[in-house]
Amino acid sequence: MKPDKKYTPEEIAPLASLEQWDEDLLERYPEEGKPAKAKEEFRNYDSPQRDTVREFYRLNHTYQTYDFVLEKEKEFLKFNKKEMPVWNAVEYLNTLIDDSDPDTDLDQLQHLMQTSEAIRADGHPDWFVLTGFMHDMGKVLCLFGEPQWAVVGDTFPVGCKFSDKVVYPEFFALNPDATDERYNTKYGVYSHGCGLKNVHMSWGHDEYLYQMMKDYLPEPALYMIRYHSFYAQHRENAYDHLMDEHDRKMFDWVRKFNPYDLYSKSPKPPVVKELKPYYEDLMAKYLPGTLKL
Ligand SMILES: [Fe+2]
Ligand SMILES: [Fe+2]
């Protein structure tokens, strides 16, 4: 049985575009020293955008159960959907045009390149630049028909009590795990300081790409990829009790990465054609010739 069959089209795509999640993040975590743009307007609870983001999280928090995550891991970590050269995979991701207003918003490739170019401009090592360029590749899950709330959105551990520091925590009341005593205690199926490597995160583009890249990039890069949407930890420290010493060290990298992801949008889009050879060289240095999706 294809598990997604049970969702209606409205449940699969509550957002007009995946970018609405990023815009909501910018509202929640505005760049220091810069006023959040159109804050007044956005805080308006009648705003249709606010409503769709709320609905997105209602679905995300309702359906991301421990069992759901295990099922998705089993399904997608076989990487048997597609195989293609890395650059083609980037172009494939870029066919994900879900935006109602494609003229004003950046496409996926431009977001990736702006992130990586900002990292490069700050003189960071080349693997960090490549990480910026690849970090959202996991969004190809959307092209496989996956619901938006199983691809993007803040991630959080499943199998233990949901923190009220996760955005829209009230919707966790709708999640069956919240009343399942195996999963609704502070530690649930985990133990104190067990380390995030033993923790299942809500399913989405982070974990999927981490699993795709884990043999190829240095460990700080893998942490950045795997936990870049884990705002409840890297911004709110809500799950310290599951982290080990190594996680704590590595989260410095996750925090270093986050501003490039959130704040690197520039009105001048990068010229893909000019930069492509540089990125192809980087890919050839670190990644296999073809990627299995
Ligand atoms: Fe992302
Ligand atoms: Fe991103």
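Assess whether GLU207 counts as being crowded, with 19+ Cβ neighbours inside 10 Å and in contact (Cβ under 8 Å) with a residue 60 or more places away in the chain.
For GLU207, the condition - crowded, with 19+ Cβ neighbours inside 10 Å and in contact (Cβ under 8 Å) with a residue 60 or more places away in the chain - is met.
Scan segment 81-103 and give yes if some residue there is in contact (Cβ under 8 Å) with a residue 40 or more places away in the chain, aromatic (Phe, Trp, Tyr), surrounded by fewer than 17 Cβ atoms within 10 Å (Cβ to Cβ) and away from ligand 2 (no atom under 16 Å from the Cβ), otherwise no.
There is at least one residue in segment 81-103 that is in contact (Cβ under 8 Å) with a residue 40 or more places away in the chain, aromatic (Phe, Trp, Tyr), surrounded by fewer than 17 Cβ atoms within 10 Å (Cβ to Cβ) and away from ligand 2 (no atom under 16 Å from the Cβ).
Here is a list: ASP126, ASP122. Which entry is under 21 Å from LYS268 (Cα atoms), of a type in the set (Asp, Glu) and away from ligand 1 (no atom under 12 Å from the Cβ)?
Within the list ASP126, ASP122, the selection yields ASP122.
Condition first: within 14 Å of ligand 1 (Cβ to nearest atom) and either in contact with a strand residue (DSSP E or B) (Cβ under 9 Å, 6 or more places away or on another chain) or farther than 18 Å from PRO277 by Cα (or both). Can you find one or more residues in segment 96-106 that meet it?
Yes, the conditions are met somewhere in segment 96-106.
Would you pick out the residues in segment 128-182 that are of a type in the set (D, E, K, R) and part of a helix (DSSP H, G or I)?
Step one: of segment 128-182, the residues of a type in the set (D, E, K, R) are 136, 139, 146, 154, 161, 164-165, 170, 177, 180-182.
Result: LYS139, GLU170, ASP177.
MET212: crowded, with 19+ Cβ neighbours inside 10 Å, part of a helix (DSSP H, G or I) and touching a strand residue (DSSP E or B) at 6+ places or on another chain (Cβ under 8 Å), yes or no? Give the derivation first.
Numbers: crowded, with 19+ Cβ neighbours inside 10 Å: yes; part of a helix (DSSP H, G or I): yes; touching a strand residue (DSSP E or B) at 6+ places or on another chain (Cβ under 8 Å): yes.
Yes, satisfied.
Can you name the residue in segment 134-178 that is away from ligand 1 (no atom under 16 Å from the Cβ) and of a type in the set (Asp, Glu) and is also nearest to HIS200 (Cα to Cα) among such residues?
Among those residues, the one meeting the criterion is ASP177.
Can you tell me how many residues in segment 242-286 are modelled with pLDDT of 95 or more, assigned to a loop (DSSP other than H, G, I, E, B) and of a type in the set (A, V, I, L, M, F, W, C)?
Of the residues in that region, 1 qualify.
So, in segment 218-236, how many residues would count as being more than 16 Å from ligand 2 (Cβ to nearest atom) and in contact (Cβ under 8 Å) with a residue 40 or more places away in the chain?
4
Quick test of your reading of the structure: ALA38 fulfils all but one of (1) modelled with pLDDT under 90; (2) among the aliphatic types (A, V, I, L, M); (3) in contact with a Lys or Arg (Cβ under 9 Å, 6 or more places away or on another chain). Name the failing condition by number.
Every listed condition holds for ALA38 apart from (3).
Give segment 215-246 a look and list any residue that's buried (at least 18 other Cβ atoms within 10 Å of the Cβ) and polar (S, T, N, Q), or say none. Give the steps one after another, and end with the answer.
Keep residues of segment 215-246 that are buried (at least 18 other Cβ atoms within 10 Å of the Cβ), which gives 217, 220-234, 238-239, 242-243.
SER229, GLN233 - these are the residues of segment 215-246 that are buried (at least 18 other Cβ atoms within 10 Å of the Cβ) and polar (S, T, N, Q).
Exactly one condition in (1) within 13 Å of the chain's Cα centre (by Cα); (2) crowded, with 20+ Cβ neighbours inside 10 Å is false for LEU262; which is it?
Of everything listed in (1) within 13 Å of the chain's Cα centre (by Cα); (2) crowded, with 20+ Cβ neighbours inside 10 Å, LEU262 misses just condition (2).
So, in segment 51-80, how many residues would count as being over 19 Å from the mean Cα position of the chain (by Cα) and in contact (Cβ under 8 Å) with a residue 24 or more places away in the chain?
The number of residues fulfilling the criteria is 1.
The values are calculated or read from the model by the stated rules, or taken from the named source; none is laboratory data. Predicted model, so just to flag it, every value in this text is computed and none were measured. Neighbour counts are summed over all protein chains in view; Cβ atoms, including those assigned to glycine, are modelled from backbone coordinates with ideal geometry.
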